[in-house]
Amino acid sequence: MSMTIKRKGMLLIISGPSGAGKGTLCKMLLERDKSFEFSCSVTTRAARNGEVDGVDYRFIDEAEFRQMVANDELLEYATVHGHLYGTPKTEVDERLRQCRNVLLDIDSQGAMSVMRKTLDYVSIFIIAPSFEELRRRLEKRNAERPDEIRRRLRNAYAEMRKLDLYQYVVINDDVDCAYEQLSCIVNAEKQRTIRFLPTIEEE
């Protein structure tokens, strides 16, 4: 007999409040684990300094976003901090069908929506060690006004109340330690029996 083993694609959902460092950890994972591909979300907000259209996000206007919703082209969508965000459905489904791993870097609203629609996912919530540290990080970014920082902190409190709906949590006190924890979770999940698709042939 001979056996061929294929791995089933993993849908990895990573969420966390603004300032928790989920974006940094996602970039580290994509750079160091080439088995993962990033699902580029669409958003109606303007690009921040250093962000590239089609790489970090697809930046579109509200009319185009609403049309995508009407055409059922989004796996999930939500309003976050006054802007619309969504995950294109087709590219995620196609990659998973091809047994590729897909990373979703999305807010908690979007994560809850995806988790309601599918049973096969891995969900990780990234948090800062304290709200004081979260505030410091938001202020250090120097990208938002004081009222925007207060709003993001209020939203962070609401997101933290959904913590128990995720499978894993990583406290990002030190980015290298946090990445090591993230990597351990991902590598363990890769070895689960549900990820293996063996084909056994009799000779």
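Any read-out appearing in this document is the output of simple, stated calculations on the displayed coordinates, not a laboratory observation. Everything numeric in this text was worked out from a predicted model, so none of it was measured. Backbone-built Cβ (ideal geometry, glycine too); neighbour counts: all protein chains shown.
Data overview
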| item | result |
| --- | --- |
| Whichever residue in segment 166-180 is touching a strand residue (DSSP E or B) at 6+ places or on another chain (Cβ under 8 Å) and more than 14 Å from Ala128 (Cα to Cα) and, among such residues, is surrounded by the fewest Cβ atoms within 10 Å (Cβ to Cβ) | Gln167 |
| Candidate set: segment 81-110, residues that are among the charged types (D, E, K, R) and part of a loop (DSSP other than H, G, I, E, B); chosen: the one surrounded by the most Cβ atoms within 10 Å (Cβ to Cβ) | Asp107 |
| Boolean, Lys190 is within 16 Å of the chain's Cα centre (by Cα) and surrounded by 13 or more Cβ atoms within 10 Å (Cβ to Cβ) | no |
| Strands (runs of 3 or more DSSP E) contained entirely in segment 1-71, each with at least 3 residues that are under 15 Å from Gly110 (Cα atoms) | 11-15 |
| Subset of segment 116-130 that is in contact (Cβ under 8 Å) with a residue 40 or more places away in the chain and surrounded by fewer than 19 Cβ atoms within 10 Å (Cβ to Cβ) - its residue that is farthest from Leu84 (Cα to Cα) | Pro129 |
| Subset tally (residues that are surrounded by fewer than 17 Cβ atoms within 10 Å (Cβ to Cβ) and either touching a Cys at 6+ places or on another chain (Cβ under 9 Å) or of a type in the set (Asp, Glu) (or both)) for segment 53-80 | 9 |
| Hits in segment 111-155 (condition: closer than 24 Å to Asn49 by Cα, aliphatic (A, V, I, L, M) and either in a helix (DSSP H, G or I) or under 21 Å from the mean Cα position of the chain (by Cα) (or both)) | Ile126, Ile127, Ala128, Leu134, Leu138, Ile149, Leu153 |
